Structures are given as C-alpha cells and as structure tokens.
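Asker: What follows is a structure written as structure tokens; I'll ask about it next.
Just so it is clear, none of the values below were taken in a lab; they were calculated from the coordinates. Computed from a prediction, not measured in an experiment: that's the story for all the values here. As a convention, Cβ positions derive from the backbone with ideal geometry for all residues, glycine included, and neighbour counts pool all protein chains shown.
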Amino acid sequence: MREDIIFAGFGGQGIMLMGKAISYAAMSSGKFVTWMPSYGAEVRGGTAHSMVIISDSYIGSPIVRDPSIGVVMNKPSLTKFESKVRKGGLLVINKSITGTGSTRDDIDILEIPATEMASGLGNLRAANMIALGAILARREILPVQALMDSLEFVIPESRHPMIPLNREAIKKGYEYDPC
Amino acid sequence: MAKKILMCGNEVLAEAAIIAGCRFYAGYPITPQNELPAYMSKRMPEVGGIFIQAESEISAINMVFGASLRGARAMTSSSSPGISLKQEGISYLAGCELPALIVNIMRGGPGLGNIAPSQSDYFQATRGGGHGDYRQIVLAPASLQEIADLTMLSFDLADKYRTPVMILGDGILGQMMEPVELASRLETQDSRQKKDWILDGCKGRKPRIIRSLLLGKGELEELNNRLQRRYKEIKDKEVRCEILYGDDSDVMLVAYGTTSRICSNVVKDLRARGKKVGLVRPVSLWPFPEKQLKELAERVKSFLVVEMSCGQMIEDVKLSIECKRPVHFYGRSGGEVPAEDEIIREVEKIA
Amino acid sequence: MRKVFSKPNSMKDTVTHYCPGCGHGIVHRIICEVIDELGIREKVIGIAPVGCAVLAYDYWDFDVTEAAHGRVPAVATGIKRVNPENIVFGYQGDGDLAAIGTAETVHAANRGENITIIFVNNAVYGMTGGQMAPTTILNQKTSTTPLGRDRKTHGFPLKVCELLSVLPGVSYAERVSVHSPAHVLKAKKAIKKSFQNQIDGFDFSVVEVLSPCPTYLGMTPEKAVKWIDETMSKVYPLGRFKDRGKE
C-alpha cells in the first residue's frame with residue numbers, strides 16, 4: 001500500500017495541520033510516512049500545500065509529483081493540482097469554496113461542501129477535518145480512530161479545547177454521502 | 001525503546017543537539033533552517049542553555065568560538081549563503097583546535113540562489129571553505145533518524161578530535177517530517193572526556209592561551225603537522241558509508257543525503273526488474289569512503305553519481321577509484337530534485 | 001629595605017615588541033595592575049585583537065585568547081554567556097573595533113553584554129604599516145591618505161564613545177589618554193571602573209584610550225604625545241560620556 005497525497009488551500013484553512021494529522025495517524029498505525037511542506041516565499045500570499053506519503057515500505061523522496069490523492073480546498077489549488085492527480089487517483093474538492101468541480105473522467109472525484117458543513121458545526125475552520133474524514137471513508141488508508149487520536153499530538157496545547165469539535169468534523173466527513 | 005515522534009528535520013536536529021549536551025546556540029535566521037533557531041530559542045532556556053540570535057552569521061560563529069573555548073558544547077546553523085559568511089570563523093576554530101558543530105541546511109546557489117533544496121555546497125564543506133590547511137568532519141544524514149544520530153555523534157567527534165564538524169543537510173531534510181526515535185542520552189553526558197585545555201580562569205594552574213597566530217619559526221608548521229596527523233587518524237577511523245548490493249552490481253549509484261533516498265528507490269525498482277544495480281551512500285563526506293569505492297571498482301563495471309548539484313562529489317568518486325572505471329553523472333541544480341524515472345533512464349543508458 | 005616598585009603579577013616579565021613611545025605597553029600594564037588590585041586574575045579571560053596588540057598574550061599572565069579581526073565582542077559574548085562568573089575583557093584597536101568589527105561592537109553593546117572593552121585609539125593602523133584608520137583625523141597623512149584624510153573621499157573620523165553612549169545597553173563609556181603621567185593615572189581609574197562595573201553586573205563598559213603611535217604618526221615620541229594633547233584630543237574630547245550604573 002502506498003498513497004502520495006497533496007493537501008492544498010490558502011493560509012488559515014489548516015492545510016499544514018491536515019497533513020500533520022494524517023501523518024501522525026499513519027505513524028501510530030505503524031506505517032512509513034513522510035510529510036513535506038511548501039516553504040518560504042512560496043507560501044506567502046498564494047496557496048500553501050503539503051505533501052504526505054504513506055506507505056508499507058521505505059519512502060525515498062518525500063516529494064510528490066503526481067499524487068494518488070489530491071485534496072484542494074480552494075479554487076487556485078484546484079487549478080494548480082487538478083491535472084497532476086495520476087490516472088485512477090482521487091481528487092477531493094471543497095465545493096463550497098471552489099464553486100466548480102473537475103472535468104476529468106479518468107479519476108475518482110469527491111466533491112464535498114466542506115466549508116458549509118463546517119459552518120453547520122459552528123466553525124468554518126473545521127472544513128479541513130471534514131475533508132480528511134471523507135478521504136478515509138473513500139480510501140482505506142488508515143482507521144478513522146487513528147486520525148481522531150492524532151489530534152491531541154498535532155494540535156497545540158492552547159487549542160486543545162477545539163479537539164472535540166475537530167473529532168466531530170472528522171466523523172461528519174467520514175459519514176458524508178455524496179449521493 | 002524510545003517513543004516515535006513526528007517533528008521536522010530542523011527541530012529533530014535541535015533536540016538531538018540538546019540531548020547530546022549542547023548548551024550554546026548562536027545563529028542568524030535564513031530559510032530553510034529557521035525552525036532550528038526557533039526551536040532552540042524555546043528549548044535552551046528550559047535546559048539552562050544559551051540561545052543568541054546574533055547580528056550576523058559572522059558574529060554567530062565567533063560566539064560559538066568563544067563558547068567552545070570556554071568549554072561548552074556549542075553549535076550554529078545556517079544555510080548556504082550564511083555558511084559562506086561563517087568560513088572565516090570555521091578556519092579559526094580549526095586553527096585553534098576548537099570543537100563545534102556547524103549545520104548547513106543547503107539551498108540553491110550561487111549567490112542568493114533560491115530557498116529550494118540543493119547539494120551544491122559539497123566543495124565548500126569538504127574542501128574547507130575557509131583559508132588554510134584544514135579539514136572538517138562532514139556528515140550527511142539521509143533520514144530524520146540519521147539527523148538525530150549524527151548530530152549526537154558530531155559533538156562526540158568534535159570533542160574527541162578537537163575539530164569543527166559540519167552536518168550537511170538540505171532543504172528537504174530540514175523541512176520534512178518522518179517518524180524518529182530520540183534516544184535519551186542525558187545521563188551519559190558525564191562520560192564525556194574532560195576538557196583540560198579550555199579557558200576558564202587560571203585558578204590553580206598556569207595561564208593558557210588559545211590562538212592561531214604562530215609567528216615563531218617552525219611553530220605553524222608544527223601545528224599543521226599535528227592537525228594532519230589528526231586528520232589521518234580521522235580518515236582511518238571515522239569513515240562511514242552504506243553500500244547496497246556491493247557484491248553483484250554492474251552499475252553502482254553513488255549519492256548522499258536526500259538524493260540517496262531517491263536512489264535507493266531506483267535500486268529497488270531496477271532490482272525488481274532484474275538489473276544489477278547497487279548504491280554507495282557516503283555518510284561521512286569527509287573523510288570520504290575512498291577504500292570502499294576503490295574495492296568496488298574491482299567488481300563494478302561503472303558508476304553513476306547522482307547529486308543535486310552540477311557535479312561536485314563526482315570528483316571524489318573519480319579520485320577514489322583512480323579513474324579505473326567510467327564514472328557517469330546525473331545532477332539537477334537550482335533547487336530541482338532528481339526524479340526516480342530520470343535516474344532510471346540514466347542507468348538504462350549505461351547498462 | 002622597602003620595595004617601592006614591582007611588576008604586576010598579571011604581567012609577564014618580558015620585553016614587549018612595541019615601538020619606542022608606543023602607548024600599548026602602558027595600557028597593558030594598567031590593565032594588569034587593575035586586575036591585580038581587584039584580585040580577579042584567576043577569573044579573567046582576555047581577548048587579544050588583530051592589530052599591533054595581537055601578541056598581548058605574550059605579556060599578560062592570565063588566560064587569553066585571540067579573536068579573528070573585529071570579532072572580539074562576539075567571542076567575548078560567547079565566553080561570558082557560558083560562564084558569567086568569568087571576567088571577560090576585549091582589547092581592541094581602532095581598525096578592529098571601529099572598522100571591520102563595527103557590527104560586532106555595536107550589537108554586543110546594544111545587547112548590554114556584561115563585558116569590558118578597552119579600545120586603543122591611535123588614529124592610524126600600526127601592524128599593517130600606517131594606513132588610514134576609521135579614527136584618522138581630517139587632513140592627517142597616512143600611507144593610504146598621502147594628501148591627508150579628505151572628508152569627501154574618506155569620510156569623517158569615527159567617534160566611538162559618542163556613538164556607543166547613546167545605546168541603552170551601554171552602562172559606561174569614557175575616553176581617556178595616556179599621553180602624560182597625569183592622564184595615565186586618570187586612564188587607570190577609568191579602566192578600573194570598567195572592570196568593577198562588570199563585577200557588579202552593570203552591562204557593557206567601554207574605555208577609549210588615546211594612545212601615541214610615533215612610528216606611523218611620523219613623529220618623535222615627544223611630538224606624538226604633544227600631538228595627542230594639542231590636536232587629537234580636540235577631535236576626540238576626553239571625558240565621561242556615560243555612567244548609568246546598574247539597570
């Protein structure tokens with residue numbers, strides 16, 4: 001098993017946290033995992049992205065060129081990464097923000113109104129966790145419980161009161177049925 | 001067994017240094033190593049250590065010089081352009097026989113270059129970027145676990161040989177996260193050798209002088225001869241390298257750091273297809289694994305050196321095997337990272 | 001018989017390499033006397049500069065290191081921070097402190113490092129052969145200002161005490177001279193205070209010492225001290241620029 005994932009969106013959407021949470025969950029599930037951020041000037045003003053590789057065997061380069069899973073949380077990210085998802089891969093689109101979906105017919109597309117759903121939970125910033133939950137429902141990468149358990153290690157202690165909300169968001173995403 | 005943790009390479013390095021007993025850090029911000037000083041600024045006060053954000057890399061390395069001669073385990077870190085500025089200080093550390101750790105999380109050059117990962121400071125690191133007849137031990141980790149292990153080793157080697165040691169990483173290793181175990185070595189610090197050469201005030205002993213100006217006839221040559229004897233000992237004892245499929249390979253890849261991770265996947269891929277390909281991964285870049293490569297040259301048909309540079313380590317490979325076999329090169333520079341399929345194509349051209 | 005004169009314990013019994021009439025020997029001796037009087041010889045770590053005083057460790061009988069050119073305050077910072085119990089002082093000339101090491105000087109001072117800097121200003125480069133110093137005064141001839149220092153080409157003489165005294169990290173800044181016995185006594189008082197300040201934890205102390213360099217001023221020793229009195233000290237007025245005590 002190996003998944004090459006790119007998480008992309010704008011600053012404030014918790015893009016780095018998505019990658020860290022799933023990486024931590026992968027580590028505690030005994031997988032090989034690497035996490036690599038976009039860094040420096042690249043981050044400023046535009047989209048931020050992080051690359052995560054989860055594998056049963058040793059991972060060479062942590063750089064993801066053609067993701068098996070692309071997660072795009074805003075429109076510029078959709079534009080940038082839509083074409084990069086490899087054939088047969090999965091593209092998760094935060095439809096609330098992108099407005100449009102994908103026209104590709106050679107990949108699995110999951111459109112989810114993550115920000116709207118997060119709004120329903122009372123915090124727009126939980127959209128990232130909703131998307132994560134949805135990925136785990138679509139692809140058997142890790143047990144969803146491992147992701148829930150990772151939060152206390154990847155969320156700074158001062159924000160620990162937010163953990164229950166984030167777990168709720170993961171659950172909501174996991175249970176989301178697009179049909 | 002220690003618990004696995006998830007931190008970025010820069011933070012792993014900082015924590016490993018603290019575990020190894022480093023209690024003095026001075027540095028100046030530069031991407032892509034900023035997580036390292038940030039971590040130190042938080043951790044050093046917690047362990048009774050010193051963190052200083054210096055006014056320049058030049059000042060930082062000289063603060064390390066002062067801390068080291070006072071007996072502290074001391075370090076600085078930077079990235080390529082900042083390391084150029086530290087060269088003066090490194091030469092003085094070598095001339096004064098002072099231990100210190102210098103970390104270079106390499107970025108693209110020359111000049112201001114860019115902030116993307118690179119391996120183009122190999123010459124500077126292994127040849128001694130500063131003036132004079134000196135060497136420094138250069139260690140090149142390829143994983144975050146190795147960053148932790150080699151950082152701890154660096155301080156021991158620096159103290160043992162009274163020499164600056166450089167850890168040569170790149171932007172990927174500094175920024176990425178992967179699981180790592182940090183062994184607790186705090187309790188072993190007492191086993192460190194006592195430093196009987198430091199300046200701590202001349203109470204109960206004759207005053208000491210630490211200097212590198214040696215004007216008397218023959219004095220400087222004597223220092224250089226002493227350093228060379230030490231460098232020879234380091235070459236004899238401190239070569240570190242990893243070899244994959246050394247017994248039956250036709251083509252041997254040679255790569256270090258991040259590039260070696262990519263090459264190890266290439267080897268796995270090609271082996272699965274029945275190709276006899278192996279990998280030499282120098283862990284110590286100085287001393288370079290000359291003997292290992294020379295021995296391999298007896299069996300291997302050719303070498304392919306892969307670097308994130310325009311070709312620097314390749315010179316050491318050629319020197320080591322005395323040009324007995326063809327040595328090919330594949331490199332990407334300016335912050336570009338060689339992809340597995342690109343390297344596979346290069347191997348296929350050769351074999 | 002009563003002993004009326006002896007060499008300080010902190011001073012080695014040897015002949016210095018300094019030229020006849022040079023002020024370095026006087027300043028060295030003052031420092032050694034002060035260290036003896038304060039009883040700190042076994043705690044002191046001195047830092048020699050690059051310049052004529054690079055060999056100071058040949059004359060001082062306590063722990064001494066030697067910094068790269070201009071880096072004395074950075075090295076002092078490293079030493080002092082590792083062990084604040086040590087008394088750390090830097091000895092710097094005008095090129096070391098005010099040209100190549102200006103950044104290190106200003107920032108160590110501005111951090112308020114609890115160290116002592118003795119700054120020997122003789123308005124010319126000695127070791128390299130009489131070139132312009134940052135403190136060379138206007139119209140002064142040196143080997144790189146053969147027609148005299150011209151403000152349009154070379155800028156103005158750098159006033160270190162005035163510059164540093166505005167920094168909040170600086171506790172004490174005084175300019176003294178060693179061109180006459182009376183001035184030597186005053187210089188000693190200031191240098192002693194700069195060490196006492198460090199013992200008392202007062203932050204950065206700097207004493208600038210106007211010192212004769214007959215060789216590169218192209219004067220006899222006698223004329224050189226007269227030049228300090230009549231000319232140099234007009235550009236660099238003696239006196240205490242700051243004495244804020246402990247903060």
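Asker: By the scheme Lys and Arg +1, Asp and Glu -1, what is the net charge of all other residues having a beta-carbon under 13 Å from that of C:TYR57? It would help to have the intermediate numbers written out before the result.
Answerer: On the way: positive: B:LYS206, B:ARG208, B:ARG211, C:LYS12; negative: C:ASP58, C:ASP61, C:ASP63, C:GLU66.
My count for the surroundings of C:TYR57 gives 0.
Asker: Please give the peptides C:121-133, C:162-174 ranked by average Cβ packing (other Cβ atoms within 10 Å per residue), highest first, as a rough proxy for protection.
Answerer: Details: C:121-133: 22.0, C:162-174: 20.3.
Final packing ranking: C:121-133, C:162-174.
Asker: Still on this model: What order, most packed first, do the peptides B:108-117, B:196-205 have when packing is the mean number of other Cβ atoms within 10 Å of each residue? All intermediate terms of the calculation are to be shown ahead of the outcome.
Answerer: Working: B:108-117: 17.7, B:196-205: 15.0.
The most tightly packed comes first, giving B:108-117, B:196-205.
Asker: Along the charge dipole of the protein assembly as shown, Cβ charges K/R +1 and D/E -1, which of C:TYR236, C:CYS161, B:TYR245 sits furthest on the positive end?
Answerer: C:TYR236
Asker: Further question: So, in nm, how far is label C:CYS19 from label B:LEU220 when the simple model puts each one 7 Å beyond its Cα toward the Cβ?
Answerer: Result: 2.3 nm between the two label points.
Asker: How big is the dipole moment of segment C:50-140 about its Cα centre under a simple scheme where the beta carbon of each Lys and Arg is +1, that of each Asp and Glu is -1, and everything else is neutral? Debye, nearest 20, please.
Answerer: Working: 4 positive and 9 negative charges, 62 e Å.
Computed charge dipole of segment C:50-140: roughly 300 debye.
Asker: Can you tell me how segment C:24-107 classifies by the Cα gyration tensor, rounded, prolate or oblate, using a/c under 1.5 as the rounded cut?
Answerer: Numbers: a/c = 2.06, a/b = 1.24, b/c = 1.66.
Oblate, because a/c is 1.5 or more while a/b does not exceed b/c.
Asker: Then there is this: Write down the percent of antiparallel bridges among all DSSP beta bridges whose residues are both part of segment C:24-243, to the nearest 5. Display every interim value, and only then the final one.
Answerer: Working: 6 of 32 bridges.
Of all bridge pairs located within segment C:24-243, approximately 20 percent are antiparallel.
Asker: What nm distance separates the two modelled labels at B:HIS131 and A:CYS179, each placed 7 Å from Cα along Cα→Cβ?
Answerer: The answer from the label model is 7.8 nm.
Asker: Can you flag which of B:LYS4/B:LYS42; C:LYS80/C:LYS234; B:LYS217/C:LYS43; C:LYS12/C:LYS189 are past 24 Å Cα-Cα?
Answerer: Working: B:LYS4/B:LYS42 21 Å; C:LYS80/C:LYS234 35 Å; B:LYS217/C:LYS43 32 Å; C:LYS12/C:LYS189 22 Å.
Beyond 24 Å between Cα atoms: C:LYS80/C:LYS234; B:LYS217/C:LYS43.
Asker: 222 nm [θ] for chain B, helices only, -39500 (n - 2.57) per DSSP H run of 4+, per residue, to 500?
Answerer: Working: 12 runs with 143 residues, N = 351.
That comes out to -12500 deg cm²/dmol.
Asker: Peptide C:80-89: average number of partner chain Cβ atoms within 10 Å per residue? Before the final figure, lay out the partial values.
Answerer: Details: counts 5, 12, 15, 8, 0, 2, 4, 1, 3, 0.
For peptide C:80-89, the averaged partner shielding equals 5.
Asker: In whole Hz, what ³J(HN,Hα) sequence does segment C:231-247 give by Karplus (6.51, -1.76, 1.60; θ = phi - 60°), x for Gly and Pro?
Answerer: Karplus values, whole Hz, x for Gly and Pro: 10, 4, 6, 7, 6, 10, x, 6, x, 8, 8, 7, 7, 8, x, 7, 10.
Asker: May I ask for the angle, rounded to the nearest 10°, between helix B:80-95 and the longest principal axis of chain B, with both axes built from Cα atoms and the value confined to 0 to 90°?
Answerer: Roughly 60 degrees, rounded to the nearest 10.
Asker: Something else now. Looking at B:ILE350, B:CYS310, B:SER320, which one has the Cα that reaches farthest to the positive end of the dipole of segment B:270-351 (charges on Cβ: Lys, Arg +1; Asp, Glu -1)?
Answerer: Checked the options; the winner is B:ILE350.
Asker: Relative contact order for chain A: what percent, with Cα pairs under 8 Å and sequence separation of 6 or more?
Answerer: Numbers: 356 pairs, mean separation 39.0, N = 179.
Computed over chain A, the figure is 22 percent.
Asker: Right, another one. Please sort C:221-231, A:152-162, B:54-64 by packing, taking for each peptide the average over its residues of neighbouring beta carbons within 10 angstrom, highest first. Please report the intermediate quantities before stating the final value.
Answerer: On the way: C:221-231: 17.3, A:152-162: 11.7, B:54-64: 27.5.
Output ranking for C:221-231, A:152-162, B:54-64: B:54-64, C:221-231, A:152-162.
Asker: Once the Cα atoms of helix B:35-46 and of chain B are each reduced to a long axis, what angle between those two axes, in degrees from 0 to 90 to the nearest 10, is obtained?
Answerer: Its long axis makes an angle of about 40 degrees.
Asker: Taking every residue in A:58-69, how many Cβ atoms of other protein chains lie within 10 Å of its Cβ, on average? Could the numbers behind the result be given before it?
Answerer: On the way: counts 5, 6, 14, 13, 10, 7, 0, 4, 0, 0, 0, 0.
For peptide A:58-69, the averaged partner shielding equals 5.
Asker: For B:ILE52, what residues show an amide H to amide H distance below 5 Å, using hydrogens built from the backbone and excluding near sequence neighbours?
Answerer: B:TYR25, B:ALA26, B:GLY27
Asker: If you don't mind, there's one more thing I want to ask. Compute the whole-percent fraction of alpha carbon pairs in chain B spaced more than 32 Å apart.
Answerer: Details: 18816 of 61425 pairs.
Tail fraction, whole percent: 31.
Asker: Which helices pass in chain C if a helix is a full DSSP H run, must span at least 18 angstrom along its long axis by Cα, and must have mean Kyte-Doolittle hydropathy not below -1.0?
Answerer: Details: long enough: C:24-38 (21 Å, 0.73); C:181-199 (27 Å, -0.55).
Once both thresholds are applied, what remains is C:24-38, C:181-199.
Asker: For a test of the definition: using alpha carbon positions, the gyration tensor, and the 1.5 limit on a/c, classify chain A as rounded, prolate or oblate.
Answerer: Working: a/c = 1.24, a/b = 1.05, b/c = 1.19.
Note, shape of chain A comes out rounded.
Asker: Where the only charges are on Cβ atoms (+1 Lys, Arg; -1 Asp, Glu), what is the dipole of the protein assembly as shown about its Cα centre, to the nearest 20 debye? Write down the numbers at each step before the final one.
Answerer: Details: 95 positive and 88 negative charges, 347 e Å.
Dipole size: approximately 1660 debye.
Asker: Before anything else, pin down the relative contact order of segment C:122-182: Cα pairs under 8 Å, at least 6 apart, normalised by residue count, whole percent.
Answerer: Working: 67 pairs, mean separation 12.4, N = 61.
Taking the mean separation of contacting Cα pairs over the length of segment C:122-182, I get 20 percent.
Asker: Does segment B:266-313 come out rounded, prolate or oblate by the C-alpha gyration tensor, with a ≥ b ≥ c the root eigenvalues, rounded set by a/c under 1.5 and, if not, prolate when a/b is larger than b/c and oblate if not? Provide the component values of the computation, followed by the final result.
Answerer: Details: a/c = 2.13, a/b = 1.38, b/c = 1.54.
Oblate is the answer for segment B:266-313, as a/c is 1.5 or above yet b/c matches or exceeds a/b.
Asker: Just to confirm the number: angle between the C-alpha axis of helix B:9-19 and the first principal axis of chain B, 0 to 90 degrees, nearest 10?
Answerer: 40
Asker: Starting from the amide H of C:ASN121, placed 1.01 Å from N in the peptide plane, find each other amide H under 5 Å away whose residue is 5 or more places distant or on another chain.
Answerer: Hits under the 5 Å cutoff: C:VAL209, C:LEU210, C:SER211.
Asker: How big, in percent, is the set of alpha carbon pairs in segment C:1-140 lying more than 28 Å apart? Show your work: numbers first, answer last.
Answerer: Numbers: 1798 of 9730 pairs.
Taking all Cα-Cα pairs of segment C:1-140, the fraction more than 28 Å apart is 18 percent.
Asker: Here's a follow-up. What distance in nm separates the two pseudo spin-label positions at A:ASP149 and C:ASP229, each 7 Å out from Cα along the beta-carbon direction?
Answerer: It is 8.7 nm.
Asker: Can you flag which of C:LYS3/C:LYS186; B:LYS3/B:LYS160; B:LYS268/B:LYS291 are past 27 Å Cα-Cα? Mind dumping the intermediate values first?
Answerer: Numbers: C:LYS3/C:LYS186 24 Å; B:LYS3/B:LYS160 30 Å; B:LYS268/B:LYS291 25 Å.
Beyond 27 Å between Cα atoms: B:LYS3/B:LYS160.
Asker: Moving on. Given R₀ = 35 Å, what would the calculated FRET efficiency be for C:SER180 paired with B:ARG211, taking r from the Cβ atoms and rounding to 0.05?
Answerer: FRET efficiency, C:SER180 to B:ARG211: 0.55.
Asker: Straight-line reach from A:LYS80: which lysines have Cα under 20 Å away, leaving out those fewer than 8 places along the same chain?
Answerer: Those lysines meeting the cut-off are A:LYS95.
Asker: Extension gain A:LEU124-A:GLU140, at 0.36 nm per residue separation less the Cα-Cα distance, in nm? Please list the in-between numbers first.
Answerer: Working: separation 16, 0.36 × 16 = 5.76 nm, distance 2.63 nm.
Result for the pair: 3.1 nm of gain on full extension.
Asker: OK, next. Can you tell me the relative contact order of chain B? Whole percent, Cα pairs under 8 Å, sequence separation 6 or more. Please list the in-between numbers first.
Answerer: Values: 733 pairs, mean separation 62.6, N = 351.
Relative contact order here is 18 percent.
Asker: Could I ask something else about it? Got a sec? Which residues in segment C:99-143 would a label at B:SER56 touch, if it sits 7 Å along Cα→Cβ and we count backbone N under 19 Å?
Answerer: Of the residues in segment C:99-143, C:99-113, C:133-135 have backbone N under 19 Å from the label point off B:SER56.
Asker: Let me ask something else about it. Nearest 20 debye, what's the magnitude of the dipole of chain B about its Cα centre given +1 on Lys and Arg Cβ and -1 on Asp and Glu Cβ? Let's see the in-between values first.
Answerer: Values: 47 positive and 45 negative charges, 193 e Å.
Charge dipole of chain B: 920 debye, to the nearest 20.
Asker: Under the definition of partner shielding as Cβ atoms of other protein chains within 10 Å of a residue Cβ, what is the mean value for peptide B:208-216?
Answerer: Mean shielding by partner chains, rounded to a whole number: 5.
Asker: Which one of A:PRO178, B:VAL280, C:PRO221 has its Cα pushed farthest toward the positive end of the charge dipole of the protein assembly as shown, where Lys and Arg give +1 and Asp and Glu give -1 at the Cβ?
Answerer: Value computed over the given set: C:PRO221.
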